[in-house]
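Have a look at the structure below, then the notes.
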Amino acid sequence: MWKNVTMKQILLITDGCSNRGSNPVEAATFARKLGIAVNVVGIVDGGDLNSAGRQEVQAIAEAGGGVSRIVEARQLAMTMQMVTKHTVQMTIQQVVNKELRQLMGTDADGLPPEKRSDVAEMVDKLGDEAALQLVVVIDTSASMHDKLPTVREAIRDLKIGLDVRKGQHQAAILTFPGQQGEDVSVVADFTQQANLVDLMNALRANGGTPTGPAIEKATRMLSQQLIERPANREDDGDGDMAAYVV
Amino acid sequence: MATWQPTWSDPFFQKGQVITGLWNKKRYRIDGMLGSGANGEVYRVSSEGQSYALKVSAQAPEISLEHKILKQLQGVARGSDLGPLIFDLDDVQTQRGKAFFYVMEWVQGTDLPDFLQKRGPHWTPVLLLQLCTYLERLHKQGYCFGDLKAENCLVNEDRGVVRLVDFGGVTEFGRGVKEYTEWYDRAWWGQGSRLSEESYDVFALSMLAVQLIAPEARKSVQQIGPNYSLLKKAIVSDPRFENWRGLFKGVWDGRIRTVASLREALSPLVKRSVEIEKKIKSKQKRRRDWTDWLLLGSAAVLVLVFCQFLLF
């Protein structure tokens, strides 16, 4: 039944507080309403991720129903994959917990530890098989300049990780501010088969941090797909599972 | 539902603290931290006079899945020492909220680099051969070890017996490897996928060999990034790899993709190591004999001198 469901995620990578355009926390709240989870990875070294920045990172993820991590640049690649996988599993776990509560009056954490592993195994398997649509939203404000090589490496690593999943995946990449000074630009959209690493090599870092508009753009990209999708879905005997995935 | 886990957060437990499992009510005293990683922390604990290792995490699924795999290995390979012995699985209330843990055998030993420093580099093939045996058994169960690296191996200093200690990367064949480390990860080097299969562990084992033979290579790679052809060139021209070239060429041209073929390539190296060890042993013996005579001689002189004092 999970084969028909597409997990939708935004993965935001930033090293500072937003300072241009709409409120990113509100943008994340809106994304969540459309069934899109927002994960945030904050990078600490060298940047200006002060306590306001940290709080914003946490607030965006919380509003977007995702997870947030604050890490050093060298941990970026591992962390990006961890939060992506974690959120896919959390989404499934929430549905499973709902059913468990109806069946046994408890969620998975309330089961005895030995029994819990069977549930965990199932969730793990489903998470690997579910289709995933991911928009990676990268902060390319001036302070990110030195970190862009690390981000490139992390994107390459993310792709390696996504390639071994059983489920299908599509990934798009946005930068904010955009490469021509606009709020946000699309480096690669879902359909593009081009070499991500080559595209990333062309990135330049400068300007402010319009985090809110970037999340809004990512949300639009993911929700367009949401509107188009029902047309090519015929075998829907299990009911609309997409309705569960909120 | 957002879980907030800053990387600088306090550890789960403090030394000296006593914790009680919520379900099984077993009590453990925290004796110190053994290590920490992305998915949890490992502590040395004691309960009823016995020492154990305890792995704790905020993620229930990670802990219960790892426990299940280790339990399964213990059941199948009874009497063997592939994985640590497994005991309790429980939940615990901590200052960071509810956490999940399992208790296992506390495996003690020396780091591989320290051991080789003391006993000589000729032990490298012997250690790798032992790891081959473990991997073969694990693969037979349908699992890949995944995060094979020097830090996840401990060796008994007297007997030279290796044990694997962190099973967090163990992944069912056909899935994406759960945990890995760049230097040992073939995908990072651009030499294949991160798919959990036998050849993934074989590549990691070959990188462990490089790490043990030429530890400084890894440092230079940290600066220039993964460049496998450069690494190959370094191996071909480095005299320390003289006897290893057959093995590495096998890994490079795809002849060595199974543990069995790797073991075969290791066997002449192991034979040579045994010869070297024999020579060292016999030299030590000779030296000991000579010092023994010296000791005995000086004792005799002392006794004579003492007797002279008594007589006069």
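Can you give the relative contact order of chain B as a percent, counting alpha carbon pairs under 8 Å and 6+ residues apart?
The normalised contact order for chain B reaches 11 percent.
What full-extension length gain, to one decimal in nm, is calculated for B:F173 and B:L85 as 0.36 nm per residue of separation minus the Cα-Cα distance?
The B:F173-B:L85 span can extend by a further 29.4 nm.
For a quick check of understanding: with a 1.4 angstrom probe and all protein chains in place, what accessible area in square angstrom does B:R186 have, to the nearest ten?
The accessible area comes out at roughly 10 Å².
How high is the FRET efficiency from A:N206 to B:L295, r the C-beta distance, R0 56 Å, rounded to 0.05?
0.15
Could you point to the residue in B:V161, B:G174, B:S267 farthest towards the positive end of the range B:112-273's charge dipole, with +1 and -1 charges on the Cβ of Lys/Arg and Asp/Glu respectively?
Of the options given, the answer is B:S267.
Compare the peptides B:260-272, B:22-34 by average per-residue count of other Cβ atoms within 10 angstrom and give them in order, highest first.
Details: B:260-272: 16.5, B:22-34: 14.9.
Ranking, from highest mean packing down: B:260-272, B:22-34.
How much mean residue ellipticity at 222 nm does chain A get from its helices, if each DSSP H run of length 4 or more adds -39500 (n - 2.57) and you divide by all residues, to the nearest 500 deg cm²/dmol?
-14500 deg cm²/dmol
Run the numbers on the range B:112-273 and let me know its relative contact order in percent, using alpha-carbon pairs under 8 Å that are six or more apart.
24 percent
Of all the C-alpha pairs in the protein assembly as shown, what % are more than 44 Å from each other? Could you put the intermediate results ahead of the total?
Details: 40624 of 155403 pairs.
Roughly 26 percent, rounded to a whole number.
Using modelled amide H (1.01 Å from N, peptide plane; none on Pro or chain starts), what sits under 5 Å from the amide H of B:W23, excluding residues fewer than 5 places away?
Correct list: B:D91.
For A:G66, what residues show an amide H to amide H distance below 5 Å, using hydrogens built from the backbone and excluding near sequence neighbours?
HN-HN under 5 Å from A:G66: A:V38.
Assuming a ≥ b ≥ c are the square roots of the Cα gyration tensor eigenvalues, decide whether the range A:2-229 counts as rounded (a/c under 1.5), prolate (otherwise, with a/b larger than b/c) or oblate.
prolate
Could you list the residues of the range B:14-58 with an amide nitrogen less than 15 Å from a label point located 7 Å from the Cα of A:K115 in the Cα-to-C-beta direction?
Backbone N within reach: B:23-24.
Any idea what the relative contact order of the range B:1-151 is, in percent, if you count C-alpha pairs under 8 Å spaced at least 6 apart? Walk me through the numbers on the way to the answer.
On the way: 206 pairs, mean separation 25.3, N = 151.
Reported as a whole number, the value is 17 percent.
If you count, for every residue in A:160-173, the Cβ atoms of partner chains within 10 Å of its Cβ, what is the mean?
Per residue, the number of nearby Cβ atoms from other chains is 3 on average.
Tell me, what is the 1.4 Å probe accessible area of A:D189, in Å² to the nearest 10?
Taking all protein chains as shown, A:D189 has close to 60 Å².
Using a simple spin-label model with points 7 Å from Cα along the Cα→Cβ vector, what separation in nm is obtained for B:E264 and B:E242?
Each label point lies 7 Å from its Cα, and together they span 2.6 nm.
In whole Hz, what ³J(HN,Hα) sequence does the range B:34-49 give by Karplus (6.51, -1.76, 1.60; θ = phi - 60°), x for Gly and Pro?
With the stated coefficients, the range B:34-49 comes to 9, x, 8, x, 4, 9, x, 10, 10, 10, 8, 10, 10, 8, 6, x Hz.
Efficiency by 1/(1 + (r/R0)^6): what FRET value for B:Q284 and B:Q141, r their Cβ-Cβ distance, R0 = 41 Å, to the nearest 0.05?
The calculated FRET efficiency here is 0.50.
With no solvent and one equal point scatterer per Cα, compute the Debye intensity ratio I(q)/I(0) for the range B:18-105 at 0.23 Å⁻¹ and report its log10, rounded to two decimals.
At q = 0.23 Å⁻¹ the computed log10 ratios are -1.23.
Could you work out, residue by residue across B:154-161, how many beta carbons of other chains sit within 10 Å of that residue's beta carbon, and then give the average as an integer?
0
So what J values fall out for the range A:80-87 if you push phi through Karplus, 6.51 cos²θ - 1.76 cosθ + 1.60 with θ = phi - 60°, rounded to Hz, Gly and Pro as x?
Whole-Hz 3J(HN,Hα) from phi for the range A:80-87: 4, 6, 4, 5, 4, 5, 4, 6.
Per residue of A:110-118, count partner chain C-beta atoms within 10 Å of its C-beta, then hand back the mean as an integer.
That works out to 6 on average.
Apply the a/c threshold of 1.5 to the C-alpha gyration tensor of chain B and tell me whether it is rounded, prolate or oblate.
Verdict is oblate for chain B.
Beyond 28 Å between alpha-carbons counts as too far, so tell me which of A:K125/B:K249; A:K166/B:K149; A:K115/B:K25 fall in that bin.
In this structure, A:K125/B:K249 exceed 28 Å between Cα atoms.
Note down the nm distance, to one decimal, between modelled labels 7 Å out along Cα→Cβ at B:D111 and at A:R20.
4.6 nm
What residues have an amide H closer than 5 Å to that of A:Q168, excluding those fewer than 5 places away on the same chain, when H is modeled at 1.01 Å from N in the peptide plane?
For A:Q168, whose amide H was placed from the backbone, the distant partners under 5 Å are A:A131, A:L132.
Cα extents of the range B:112-273 along the three principal axes, largest first, in whole Å?
Largest to smallest, the principal-axis extents are 38, 37, 28 Å.
Restricting to DSSP H runs of at least four residues, report the calculated mean residue ellipticity at 222 nm for chain B, -39500 (n - 2.57) per run over all residues, nearest 500 deg cm²/dmol.
-15000 deg cm²/dmol, from helical runs alone.
Quote the FRET efficiency, to the nearest 0.05, computed for B:D158 versus B:L22 with a Förster distance R0 of 35 Å and r equal to the Cβ-Cβ distance.
It comes to 0.30.
Using θ = phi - 60° and the Karplus relation 6.51 cos²θ - 1.76 cosθ + 1.60, list the HN-Hα couplings for the range B:134-141 in order, rounded to whole Hz, with x at every Gly or Pro.
Ordered by residue, 3J(HN,Hα) equals 4, 4, 4, 5, 5, 5, 4, 7 Hz.
The values are calculated or read from the model by the stated rules, or taken from the named source; none is laboratory data. Predicted model, so just to flag it, every value in this text is computed and none were measured. We place every Cβ from the backbone using ideal geometry, glycine too, and count neighbours over all the protein chains shown. Surface accessibility is based on the protein's heavy atoms, side chains included, excluding ligands, DNA and RNA. Shrake-Rupley method; radii C 1.70, N 1.55, O 1.52, S 1.80 Å.
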